[in-house]
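Rule-based calculations on the coordinates, nothing more; no lab input. Bear in mind the structure is a predicted one, so any value in this text is a computation, not a measurement. Cβ placement follows ideal geometry from the backbone for every residue including glycine, while neighbour counts extend to all protein chains displayed.
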Amino acid sequence: MGVINIFSVVCMVYLQIYKAIDTQICDSINGTKICCSGYRLNNEQNQCIPCLKGYNGILCEEPCVFPYYGFDCQSQCNCTEVYCNYADGCNQFSEIENVEMKNNKDNPYCPSIHKNPPKEKTPLIVGITVLAAVAFIISLTILFTYQIEKRQGPRNCRERSV
């Protein structure tokens with residue numbers, strides 16, 4: 001029975017960690033949720049949701065700083081600060097002109113927009129999932145071993161030495 005209790009506790013701990021990561025809740029004070037940086041609290045859903053495009057930081061109150069723009073300020077303008085909008089990026093060309101120029105590799109004056117690697121939680125989730133899977137497999141192995149030994153009954157020393 002002890003193995004099942006240990007397994008249950010391990011599973012509950014992993015689920016709580018995963019839930020905290022998945023919902024982006026970093027803390028709670030007197031029952032009030034505090035969202036992680038880059039997220040804000042949606043009072044209707046009582047969940048942390050990503051900042052609006054062009055904002056980041058705690059409470060999503062900080063607009064992106066030049067040359068960055070977009071969701072979580074992950075995109076980078078390749079134009080002057082005058083033409084770089086913190087939400088939408090470079091606005092000196094229309095989107096169609098920008099796409100056409102971007103696809104034209106022979107044009108040396110083509111502005112390109114680089115995207116920084118996303119600040120994702122994927123490695124952490126993968127790590128926790130792997131740990132949970134390993135803990136689950138170990139727990140199952142212990143449980144099955146216990147069940148097999150229980151079915152076979154007690155062994156005496158003579159059976160082992162023969």
Footprinting exposure proxy for Arg40, Arg151 (fewest neighbouring C-beta atoms within 10 Å first): Arg151, Arg40
Extended-chain gain in nm, criterion 0.36 nm per residue less alpha-carbon gap, Arg151 and Gln47: 32.6 nm
